[in-house]
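Single-structure report; data block below.
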Amino acid sequence: SWYCDGKSDKIPQQDLDVYELARIIAFKVMHLEMSFDFTKGATHYHATYVYPEWAETKTKTVQIKDHVFYRWEK
């Protein structure tokens with residue numbers, strides 16, 4: 001996550017191609033060109049090595065490798 005981590009937001013030159021691919025995929029997902037929701041409606045997620053306070057107030061939808069996804073139902 002880039003949110004308030006204090007690190008530079010500049011994309012390293014060697015990562016520009018994969019960053020562009022990720023940006024294209026995100027654009028397609030946001031504009032419904034890719035309609036499969038593999039997170040089953042998730043609005044939140046976290047890595048398995050942390051357990052945020054908010055997790056117990058959400059409904060777990062799926063775990064994909066080291067990331068757990070949740071939605072707002074509770």
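The values are calculated or read from the model by the stated rules, or taken from the named source; none is laboratory data. What you see is a predicted model; the values in this text were computed from it and never measured. Reconstructed Cβ throughout: ideal geometry from the backbone, glycine too, with neighbour counts over all protein chains shown. Note: accessible area is taken over every heavy atom of the protein model, side chains too, but ligands, DNA and RNA are not part of it. Shrake-Rupley method; radii C 1.70, N 1.55, O 1.52, S 1.80 Å.
Residues being assigned to a helix (DSSP H, G or I) and either among the small types (Gly, Ala, Ser) or modelled with pLDDT of 90 or more (or both): count how many of those fall in the range 28-58.
5
Could you grab the pairs with beta carbons closer than 6 Å, sequence gap of 6+ or different chains, first residue in the range 41-60 and more than 13 Å from Glu73 (Cβ to Cβ), second one of a type in the set (Phe, Trp, Tyr)?
Tyr45/Phe69
Name every residue in the range 59-74 that is in contact with a strand residue (DSSP E or B) (Cβ under 9 Å, 6 or more places away or on another chain) and outside any strand (DSSP E or B), in order of residue number.
Once the filter is applied, which keeps residues that are in contact with a strand residue (DSSP E or B) (Cβ under 9 Å, 6 or more places away or on another chain) and outside any strand (DSSP E or B), the range 59-74 yields Asp66, Trp72, Glu73, Lys74.
Could you go through the range 17-38 and let me know if any residue there is touching a residue at least 12 places away in the same chain (Cβ under 8 Å) and either touching a helix residue (DSSP H, G or I) at 6+ places or on another chain (Cβ under 7 Å) or not hydroxyl-bearing (Ser, Thr, Tyr) (or both).
yes
State whether one or more residues within the range 34-43 are open to solvent by 90 Å² or more (accessible area, probe 1.4 Å), among the small types (Gly, Ala, Ser) and out of contact with any Asp or Glu (no Cβ under 6 Å at 6 or more places or on another chain).
yes
Can you pull out every residue in the range 16-38 that is of a type in the set (D, E, K, R) and closer than 26 Å to Val68 by Cβ?
Looking only at the range 16-38, we keep the residues that are of a type in the set (D, E, K, R), and these are 17, 20, 23, 28, 33, 37.
Answer for the range 16-38, where residues must be of a type in the set (D, E, K, R) and closer than 26 Å to Val68 by Cβ: Arg23, Lys28, Asp37.
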